[in-house]
Amino acid sequence: MSTKLKIAIQKSGRLYDDSVKLLKDCGIGLKNGVNKLKTEADNFPMEIYFLRDDDIPQYVEDAVADIGIVGENVLFEKNKKVEVVEVLGFGKCRLSVAVGRGENYDGVGYLNGKRIATTYPSLVREFLRKNNVNAEIHEISGSVEIAPGIGLAHAIVDLVSSGSTLFMNGLKEVETVLSSQAVLVQNPALDSPRRMILEKFLFRVRSVKKARNNKYILLNAPNEKLSEIIALLPGMKSPTVLPLAEAGWSSVHSVLNEDDFWDIIERLKAAGAQGILVVPIEKMVI
Ligand code: PRT
Ligand code: ZN
């Protein structure tokens, strides 16, 4: 049997859809097997294991899986011997300290002598140590946000994305312990056939990430404005300029980064660009 790279992804939950979508965008389709623990890729030497996110760092350390997709929050809490190969840009959240909305929070010193409920004891211990705070950590396994309301703790450390869970429980976010997103991790001791498959996979992941961060833009411009408009467009090399059927006009094609997208669009319009079309890019290979 030829070598396959084993990847662990979350079985169900917040990282599942984005993990499967990433594989799909990399051209890796999953066989619809009846076995829910693992499946094979259709057209790539890869086996996919579906696991609880908390177990993924350990499985990768133990080489049960060669690579895995997991949130940095879980990765740093578990502190296993795995290497981060790529940040993936999804599953973004913050691990934050929250206290009752009515509390007079005046900095980390507030936490001295307090009791903090969390499912992330290691990260909280590290945070308290760095900030010279002496507080009691109370580890619980879930529903951390209700701890202050039932008198179990004065503060909590939990994941936050929109903030609505904290709000609904009468809490306010006061410190960020960690900003987190999903990352691809690997076992540090992959053999060379597996490393080669990982390189192939990573090449695709990076192309997909680039494409997600960029848009293809087409616009029409009067020729006398061309140099001003071209100066606004970074592009991969320089923009493509094609003459339109109407004399004195050209069509300009380029690639724009998501970060400065709106800013550049406004400046293009101001410079005389018309009929601006923006289209998603499926893959971007540089
Ligand atoms: O079953 P399994 O153990 O695999 O799943 P799980 O229940 O432990 O994890 P899951 O699916 O909830 O989250 C998986 C990963 O998604 C986390 O480890 C994070 O890396 C990432 N992630 C991103 C989040 C959130 N955003 C998030 N908002 N994980 C959890 N939350 C929870 C948070 O704990 C709180 O209860 O959502 C609530 C807060 O959300 P807001 O929007 O109200 O602020
Ligand atoms: Zn979990």
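The values are calculated or read from the model by the stated rules, or taken from the named source; none is laboratory data. Only a predicted model underlies this, so the values are computations on that prediction, with no experimental measurement involved. Because the Cβ atoms are built from the backbone with ideal geometry, glycine has one as well, and the counts that use them run over all protein chains shown. In case anyone asks, the SASA skips ligands and DNA or RNA and just uses the protein heavy atoms, side chains included. Shrake-Rupley method; radii C 1.70, N 1.55, O 1.52, S 1.80 Å.
Per-structure values
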| item | result |
| --- | --- |
| Listed peptides 25-32, 95-102 by packing density, highest first (mean Cβ within 10 Å) | 95-102, 25-32 |
| Å² per residue, accessible surface of the chain at 1.4 Å | 54 |
| Semi-axis lengths, Å, region 93-180, gyration tensor of Cα atoms, sqrt of 5 times eigenvalues | 17, 14, 13 |
| Alpha-carbon radius of gyration plus Dmax, which is the widest Cα pair, for the chain in Å | 24.4, 77 |
| Antiparallel bridges, percent of DSSP beta bridges restricted to the chain (to nearest 5) | 75 |
| Local electrostatic count, Val278, Cβ distance below 15 Å [Lys/Arg +1, Asp/Glu -1] | -2 |
| Eligible lysines near Lys269 by straight Cα distance, threshold 18 Å, same-chain separation 8 or greater | Lys215, Lys225 |
| Nonlocal amide H pairs with Met46, under 5 Å, H built at 1.01 Å | Leu5, Ala41 |
| Accessible carbon and sulfur surface of region 214-280 relative to its total accessible area, %, 1.4 Å | 55 |
| Accessible surface of region 93-180, 1.4 Å probe, proportion on carbon and sulfur as whole % | 45 |
| P(r), alpha carbons of region 214-280 - 10 Å bins starting at zero, rounded % | 23, 61, 16, 1 |
| Centroid-to-centroid separation of region 70-115 and region 218-286 [C-alpha atoms, Å] | 42 |
| Summed residue charge, Cβ within 13 Å of Leu111's Cβ, Lys/Arg positive, Asp/Glu negative | +1 |
| Rounded if a/c under 1.5, otherwise prolate or oblate - region 1-138, Cα gyration tensor axes | prolate |
| For region 87-101, Karplus couplings with θ = phi - 60° (6.51, -1.76, 1.60), whole Hz, Gly/Pro x | 7, 10, x, 10, x, 6, 6, 10, 9, 10, 8, 10, 10, x, 4 |
| For region 36-51, 3J(HN,Hα) per residue [Karplus equation, 6.51 cos²θ - 1.76 cosθ + 1.60, θ = phi - 60°, Hz, x = Gly/Pro] | 8, 7, 8, 8, 10, 7, 5, 9, 8, x, 9, 10, 10, 9, 9, 9 |
| Per-residue ³J(HN,Hα) for region 63-77, Karplus 6.51 cos²θ - 1.76 cosθ + 1.60, θ = phi - 60°, Hz, x for Gly and Pro | 6, 5, 10, 7, 9, x, 10, 8, x, 4, 4, 6, 4, 6, 5 |
